Amino acid sequence: MSDSVAVVWDDAYLDYDMGPQHPLHPVRLDLTMRLATSLGVLARPNVTMLAPVTADDDLLTLVHDPAYLDAVRRAPGEPWRPGFGLGTPDNPVFQQMHEVSALIAGGSVVAARQVWEGHSQHAVNIAGGLHHAMRRQASGFCVYNDAAIAIAWLLAQGAERVAYIDVDVHHGDGVQAAFYDDPRVLTVSVHESPLTLWPGTGFPDETGNGDAVGTAVNLPLPAGTADADWLRAFHAVVPSAIRAFNPQVLVTQCGCDTHRDDPLANLALSVDGQRTAFAALHALAHEVCEGRWLALGGGGYGLVRCVPRSWTHLLAEAAGHPVDPQTPIPAEWTAYVRERALRAAPPRTMGEDADLEWQPWEPDRRQPVDLAIAVTRRVSFPLFGLDPDDPRD
């Protein structure tokens, strides 16, 4: 597949900077774009680079309360009493907080517009995916929920069914909350169990409210889940739910904090496993919604060895020209990492030689991940008219 893809980027994204000791360091975005550029991913003729446009209050209030926007604007000048979840270790106040957060949100809307209006089949905003922000509260390093804002914009344009798949290690709680009562939006989150990881939500019985019951699907996985088990879980739940919902647009949050070396979580995927997951998302977009795919970034705190490789694979996959995992890391990129005096040693290739062979789910399996799959299928599949015990569904 060699599809038209828009990549939304501005160096001003790097101003989303919560401080040198904060896990969400903007260097991860810088290194990603430099690696993708060094490998020629962004120079392909089917790739269009677009600048973001700052989201105005009309866009932001599709999801956020006006009082919260006012608090975000005031906070840098009143850091001693911002409220609304601001000024905490997770969500410290920083200069230009409103401006850069609104720019990222606007970037995701630019990407959504590109796909919805048919200018590109796919669009990517790696600075997006800030999926924890709530209507009146910053949360989990996220100020404005760009994913929810982009989905709300699509609905305002007349979209009748939008599907959101979140493969971040943390539950996509903010996006789920934004559309928990809206039957037009299906949210599917594959994440580490809330029994072992913040935010403590995303249990299988969270399925939506009222007319929207069934439009929230949660697949929590045990700590330690690695590539083969994660891929089995994904394929046992996600494609069936997406096909049953039949969306017009697919929005994905592609957090890469599922990596085995991520310092903030406990899953055990490789960069190769993440690359395979992105390919599955790409294929679903073509199968179900004529290729309309908006891909966002998200979490990921392996600043040198994970995030740049993972999201370069995402960009390459969206462009229809995947990068071979055996591809050597360009010397110029390695030199830049060393120039920045970053602690982690640069990787040598784009892959990790992981064994990605996985077995399809069967209902009589008794491994922890298979039990987790079974619970989610038994809760959610009947709501789609699917048989939870039939692996063909």
- Task: Quick one: dipole size for the range 289-393, taken about the Cα centre, charges +1 on Lys/Arg Cβ and -1 on Asp/Glu Cβ, in debye to the nearest 20.
- Result: 640 debye
- Task: List the extent of the Cα atoms of the range 108-220 along each of their three principal axes, largest first, rounded to whole Å.
- Result: 43, 31, 26
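Could you give the length gained on full extension between residue 70 and residue 205, defined as 0.36 nm per residue of separation minus the Cα-Cα distance, in nm?
45.1 nm
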- Query: In a shell of Cβ-Cβ distance under 12 Å around residue 121, excluding residue 121 itself, what net charge do Lys and Arg (+1) and Asp and Glu (-1) give?
  - Reply: -2
- So what J values fall out for the range 65-79 if you push phi through Karplus, 6.51 cos²θ - 1.76 cosθ + 1.60 with θ = phi - 60°, rounded to Hz, Gly and Pro as x? 6, x, 5, 5, 4, 4, 5, 5, 5, 6, 4, x, x, 9, x
- Once amide hydrogens are built 1.01 Å from N within the peptide plane, the residues lying 5 or more places from residue 134 or on another chain with amide H under 5 Å from its amide H are 139
- For residue 48, distant residues with modelled amide H under 5 Å away: 5, 6, 7
- Please work out the Kirkwood hydrodynamic radius for the range 300-361, using every pair of different C-alpha atoms, and report it in angstroms with one decimal place. 13.0 Å
- Taking θ as phi - 60°, what are the ³J(HN,Hα) couplings along the range 287-303 by the Karplus curve (6.51, -1.76, 1.60), each to the nearest whole Hz, with x for Gly and Pro? 5, 9, 10, 6, x, 6, 9, 10, 10, 10, x, x, x, x, 10, x, 5
- Task: Select from 329, 363, 276 the residue farthest towards the positive end of the dipole of the chain; place +1 on Cβ of Lys and Arg, -1 on Cβ of Asp and Glu, and compute about the Cα centre.
- Result: 329
- Task: Would you be so kind as to identify which of 297, 49, 21 lies farthest towards the positive end of the dipole of the chain, taking Lys and Arg as +1 and Asp and Glu as -1 on Cβ and the Cα centre as origin?
- Result: 21
- Query: When the dipole is taken about the Cα centre of the chain, and only Lys, Arg (+1) and Asp, Glu (-1) are charged at their Cβ, what size is it in debye, to the nearest 20?
  - Reply: 520 debye
- Whats the longest run of the chain with zero GluC sites (Glu not before Pro) that are DSSP loop and have at most 14 other Cβ atoms within 10 Å? 161-289
- Cα shape, the range 159-313, gyration tensor, a/c 1.5 rule: oblate
- Enumerate the amide H contacts of residue 166 below 5 Å, restricted to partners 5 or more residues apart or on another chain; note that Pro and chain-start residues carry no placed amide H. 188, 189, 190, 253
- Task: Note the full-extension length gain between residue 37 and residue 371 as 0.36 nm times their separation in residues minus their Cα-Cα distance, in nm to one decimal.
- Result: 116.0 nm
- Message: Give me the net charge for the shell around residue 228: Cβ to Cβ below 10 angstrom, other residues only, Lys and Arg +1, Asp and Glu -1.
- Response: -3
- Query: Where both residues lie in the chain, what percent of DSSP beta bridges are antiparallel, nearest 5?
  - Reply: 10 percent
- Distances over 41 Å make up what percent of all Cα-Cα pairs in the chain? 7 percent
- Each residue of the range 307-324 in turn: what ³J(HN,Hα) in whole Hz from Karplus with 6.51, -1.76, 1.60 and θ = phi - 60°, glycine and Pro shown as x? 3, x, 5, 4, 7, 5, 4, 4, 4, 5, 5, 4, 7, x, 9, x, 8, 4
- Message: I'd like the distance separating the alpha-carbon centroids of the range 304-376 and the range 202-255, in whole Å.
- Response: 20 Å
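Any read-out appearing in this document is the output of simple, stated calculations on the displayed coordinates, not a laboratory observation. Remember, predicted model here, so these are calculated numbers, not experimental data. Virtual Cβ from ideal backbone geometry, glycine too; neighbours counted across all protein chains shown.
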